[in-house]
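Chemist: Quick one: the structure is below, questions incoming.
The values are calculated or read from the model by the stated rules, or taken from the named source; none is laboratory data. Given the structure is predicted, the values throughout are model-derived calculations rather than measurements. All Cβ positions, even for glycine, are placed from backbone atoms using ideal geometry, and neighbour counts span all protein chains on display. Remember, those area values only see protein heavy atoms, side chains included, never the ligands or the DNA or RNA. Shrake-Rupley method; radii C 1.70, N 1.55, O 1.52, S 1.80 Å.
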Amino acid sequence: MARYSNGESVFSRLARLLEAFEDDSPVITVSELSKRTGLSLPTVSRMVSELVERGWLQRDADRRVWIGLRMWELVSRAAPTRDLVRTSVPFMTELSARIGQNVHLSVRQGSEAMFIETLSAPNAVQTVLRGPGSRLPLHACAAGLVLLAYGPPAVQETVLAGPLPALSARTVTEPNALRALLSEIRRTGAAFCPGLIDPANAAIAVPLRSTGREVVAALSAIVPNTDAARAMVPLLRTTGAQISRSLAARNTPAWQPDSEDPQESEGSRHSAGPARSLRANASVFALGRVAMP
């Protein structure tokens with residue numbers, strides 16, 4: 001592979017460029033791309049022009065750039081979560097219509113829950129999620145707690161070893177208390193978390209299983225934090241069981257996180273800067289969502 005005089009490969013520079021597209025700013029200028037990547041403006045301009053020609057990026061008259069349809073096409077063909085989403089969405093749609101609230105599908109990636117599908121309902125309660133590609137720490141959200149409870153023992157021990165930052169006053173940050181909570185989730189088959197992130201909301205999550213009964217994802221819903229919230233748990237269990245049967249019948253493979261080592265994943269996010277966004281955006285491309293200005 002060709003390399004520049006500083007030893008960096010062409011692919012490395014391309015990765016830095018594509019990873020500069022953050023979730024909260026998918027449309028950015030060439031100048032901003034240069035700042036985010038640390039690459040010179042002429043270099044970025046040349047790379048952007050070539051990528052625009054191939055449809056990987058799109059650009060308007062104001063030199064604003066965003067992910068192109070060609071990239072979505074390429075990623076969507078081999079998206080590792082595609083079959084999982086296709087199988088789950090019909091059941092999620094029915095559940096969302098029945099409860100009138102937001103319903104989510106998530107998988108574990110490192111020490112975080114990555115939400116690969118979100119279905120919204122009219123007048124549903126507000127959530128902190130910004131759509132597919134959003135992430136939350138495993139220990140700090142209902143879906144993450146389910147994924148952690150049924151995750152590999154090594155992952156559990158690494159997360160329990162901390163740090164366990166608090167997203168709210170209700171976040172469980174004491175290792176022994178978190179260990180007990182994970183045990184309770186495995187016993188009941190669901191996580192019921194009233195006021196975990198927002199005092200006005202209750203989060204509910206259940207595991208989704210595939211071939212061999214392995215937990216491959218989590219189904220969750222955000223509902224008003226009222227006395228009626230707990231009554232939603234059986235509905236999610238039933239929907240989760242339906243999805244699990246369909247996944248097993250289709251022999252859907254398990255989602256493979258980038259790393260089985262949460263510490264490695266955490267470290268890479270801090271050292272690689274915007275590298276995290278491309279991994280998150282991959283799920284967006286897989287679901288056919290393309291950022292447009």
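Chemist: Among the residues of segment 184-196, are any at pLDDT below 95, touching a helix residue (DSSP H, G or I) at 6+ places or on another chain (Cβ under 8 Å) and in a helix (DSSP H, G or I)?
Modeler: Within segment 184-196, none of the residues are at pLDDT below 95, touching a helix residue (DSSP H, G or I) at 6+ places or on another chain (Cβ under 8 Å) and in a helix (DSSP H, G or I).
Chemist: Which condition number in (1) in contact (Cβ under 8 Å) with a residue 40 or more places away in the chain; (2) within 28 Å of THR158 (Cβ to Cβ) is the one that THR87 fails?
Modeler: Unmet condition: (2).
Chemist: Quick test for you: out of ALA203, ALA180, pick the one residue that is more than 18 Å from ILE243 (Cα to Cα) and in a strand (DSSP E or B).
Modeler: Only one candidate qualifies: ALA203.
Chemist: Residues in segment 93-112: is at least one in contact (Cβ under 8 Å) with a residue 60 or more places away in the chain, small (Gly, Ala, Ser), open to solvent by 20 Å² or more (accessible area, probe 1.4 Å) and in a loop (DSSP other than H, G, I, E, B)?
Modeler: Yes; the residues of segment 93-112 include at least one that is in contact (Cβ under 8 Å) with a residue 60 or more places away in the chain, small (Gly, Ala, Ser), open to solvent by 20 Å² or more (accessible area, probe 1.4 Å) and in a loop (DSSP other than H, G, I, E, B).
Chemist: Checking GLY240 against (1) small (Gly, Ala, Ser); (2) open to solvent by less than 40 Å² (accessible area, probe 1.4 Å); (3) in contact with a Ser or Thr (Cβ under 6 Å, 6 or more places away or on another chain); (4) not in a strand (DSSP E or B), only one condition comes out false. Which one?
Modeler: So GLY240 meets the others, but not (3).
Chemist: Kindly indicate which of THR37, THR29 is modelled with pLDDT of 85 or more and out of contact with any Leu (no Cβ under 9 Å at 6 or more places or on another chain).
Modeler: Just a single option satisfies the conditions, and that option is THR29.
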